[in-house]
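A.B. asks: First the structure, then my questions, so here it is.
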Amino acid sequence: MRLLDSDTLPDASPSARPDAGPDTSPDPAAVDAARWAALARRDARADGRFVYSVRTTGVYCRPSCPARAAKPENVAFHPTCADAEAAGFRPCRRCRPNEPGLAARQAEAVARACRLIEAAETPPALDALARAAGMSPYHFHRVFRRITGVTPRAYAGARRAARLAAGLQEAGTVTEAIFEAGFNASSRFYASASARLGMTPTAYRRGGAGARIRFALGQCSLGAILVAATEAGVCAILLGDDPEALLRDLQDRFPKAELSGGEPDFDATVARVVGLVEAPHRARLDLPLDINGTAFQQRVWQALRAIPPGRTATYTEIARAIGEPKAVRAVAQACGANPLAVAIPCHRVVRHDGALSGYRWGVARKRALLAREGARQGTQQGAQLEPELPLEASR
């Protein structure tokens with residue numbers, strides 16, 4: 001008899017069966033075999049599909065319950081918790097089958113913690129967040145990072161930076177914006193201000209006024225290219241057909257910054273970037289990057305940098321890699337917001353069927369870059385992402 005995997009475990013609940021002929025009903029023997037297999041593996045994927053009761057203890061459990069295995073003759077299967085309770089069994093206190101699963105409970109606890117962080121004037125202490133989540137600080141820190149991809153401290157820092165960036169445009173003074181964003185001392189903010197904003201907060205508030213951005217326009221085999229850098233590192237690599245359009249894009253980003261072009265000592269930086277465009281499978285941009293984005297965008301861009309040349313990944317795989325399997329659309333939006341062509345290789349992300357989808361600098365350029373790297377469309381999904389330095393560490 002073929003044992004069914006839990007992914008294909010049929011639902012034998014009467015309410016789940018449509019009105020159809022006898023030939024559509026699941027084979028009871030196959031259902032029981034699949035349930036026994038899931039129970040033997042303590043398979044969490046089967047949670048919610050059925051519960052089992054133990055006659056000698058009077059309780060019913062999830063398939064994944066870590067309790068000691070019961071004798072087969074004492075076990076009965078039930079489609080739902082209500083069916084088990086109607087048969088006179090009470091829920092197990094260990095696996096709590098009548099409550100949301102562990103993954104759902106942890107996700108809800110982390111969501112509550114995120115709301116606490118966002119609502120607080122100053123970042124809550126780790127102990128306070130863990131206590132609100134009903135976990136130890138160590139366990140909470142690990143769960144929070146697994147689900148969000150960042151630590152509670154990093155999440156709080158990103159939220160404060162986002163509030164500050166918005167507030168700098170509206171507040172009367174920079175100091176006022178700093179405290180309204182939740183920094184309890186201006187010195188603590190200024191210690192990381194340039195890394196967060198790419199320039200001083202005063203310059204950011206003035207649309208880049210006072211900030212000096214060096215840039216150069218040129219041509220490569222993919223058309224026009226613009227490379228720009230602040231004192232912190234390369235902040236833009238733009239590709240296109242019209243050099244003037246690329247320059248307007250840079251000006252729109254920092255309308256009041258001091259843009260400086262034609263500097264001879266910047267040619268070496270441009271040459272290294274062009275080398276990466278021309279030979280992305282061989283070259284590596286060993287230059288500091290100055291890139292500002294939301295916490296989510298930073299996680300997506302970090303995952304993109306872990307895709308090795310010659311390989312591709314799907315938007316779904318990137319979403320899973322950052323711990324957000326349902327955020328496929330948001331991943332695509334983060335790829336579209338990437339201001340560093342090739343250096344952050346969003347061209348290596350393809351659709352689930354391997355076909356090329358939208359690319360900020362044109363699908364033809366995306367196809368050309370993948371061809372240069374030797375990537376075969378539609379055959380490289382599931383690529384193992386290689387570790388990469390965090391974006392913050394590359395500044």
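A.B. asks: When only residues in segment 115-132 that are in contact with a Phe, Trp or Tyr (Cβ under 7 Å, 6 or more places away or on another chain) and under 21 Å from residue 296 (Cβ atoms) count, which is surrounded by the most Cβ atoms within 10 Å (Cβ to Cβ)?
C.D. replies: Among them, the one singled out is 129.
A.B. asks: Turning to a different aspect of this structure: Starting from segment 209-232, take each residue that is within 17 Å of residue 267 (Cβ to Cβ) and list its partners that are aromatic (Phe, Trp, Tyr) and open to solvent by 20 Å² or more (accessible area, probe 1.4 Å), counting only C-beta distances under 7 angstrom and pairs at least six apart or across chains.
C.D. replies: Every condition considered, the pairs that remain are 213/254; 226/215; 227/215; 228/215.
A.B. asks: Looking at residue 198, is it open to solvent by less than 50 Å² (accessible area, probe 1.4 Å), of a type outside the set (A, V, I, L, M, F, W, C) and modelled with pLDDT of 85 or more?
C.D. replies: When the stated conditions are applied, residue 198 does not pass them.
A.B. asks: Scan (1) under 27 Å from residue 220 (Cβ atoms); (2) open to solvent by less than 40 Å² (accessible area, probe 1.4 Å) for the single condition residue 367 breaks and write down its number.
C.D. replies: So residue 367 meets the others, but not (2).
A.B. asks: Give, as residue ranges, the helices (runs of 4 or more DSSP H) completely inside segment 308-395 that count at least 2 residues that are within 14 Å of the chain's Cα centre (by Cα) and at pLDDT 85 or above.
C.D. replies: So the answer is 315-321, 328-336.
Yes/no matrix, rows are residues, columns are (1) under 24 Å from the mean Cα position of the chain (by Cα); (2) hydroxyl-bearing (Ser, Thr, Tyr); (3) farther than 30 Å from residue 156 by Cα; (4) not in a strand (DSSP E or B):
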site: 53; (1), (2), (3), (4): no, yes, yes, no
site: 56; (1), (2), (3), (4): no, yes, yes, yes
site: 84; (1), (2), (3), (4): no, no, yes, yes
site: 88; (1), (2), (3), (4): no, no, yes, yes
site: 97; (1), (2), (3), (4): no, no, yes, yes
site: 100; (1), (2), (3), (4): yes, no, no, yes
site: 104; (1), (2), (3), (4): yes, no, no, yes
site: 111; (1), (2), (3), (4): yes, no, no, yes
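A.B. asks: Find all pairs meeting these conditions: Cβ atoms under 9 angstrom apart; at least six residues apart or on different chains; first residue within segment 82-102 and over 19 Å from residue 46 (Cα atoms); second residue in a loop (DSSP other than H, G, I, E, B) and of a type in the set (Gly, Ala, Ser).
C.D. replies: These pairs meet every condition: 88/58; 89/58; 90/58.
A.B. asks: Sticking with this structure for a sec: Given the condition out of contact with any helix residue (DSSP H, G or I) (no Cβ under 8 Å at 6 or more places or on another chain) and either open to solvent by 10 Å² or more (accessible area, probe 1.4 Å) or under 27 Å from residue 153 (Cα atoms) (or both), answer yes or no: does some residue in segment 306-317 qualify?
C.D. replies: yes
A.B. asks: Further question on the same structure: Considering only segment 12-56, how many residues are open to solvent by 60 Å² or more (accessible area, probe 1.4 Å), at pLDDT 80 or above and out of contact with any Ser or Thr (no Cβ under 7 Å at 6 or more places or on another chain)?
C.D. replies: Looking only at that region, the number is 8.
Okay, residues lined up against (1) modelled with pLDDT of 90 or more; (2) of a type in the set (A, V, I, L, M); (3) within 29 Å of the chain's Cα centre (by Cα):
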position	(1), (2), (3)
211	no, yes, no
226	yes, yes, yes
231	no, no, yes
235	no, no, yes
240	yes, no, yes
249	no, no, yes
252	no, no, yes
255	no, no, no
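The values are calculated or read from the model by the stated rules, or taken from the named source; none is laboratory data. Keep in mind the model is a prediction, meaning the values are calculated, not measured. Heads up, the Cβs are rebuilt from the backbone with ideal geometry, glycines too, and the neighbour counts pull from every protein chain shown. Just so you know, the surface numbers come from the protein's heavy atoms only, side chains and all, with ligands and any DNA or RNA stripped out. Shrake-Rupley method; radii C 1.70, N 1.55, O 1.52, S 1.80 Å.
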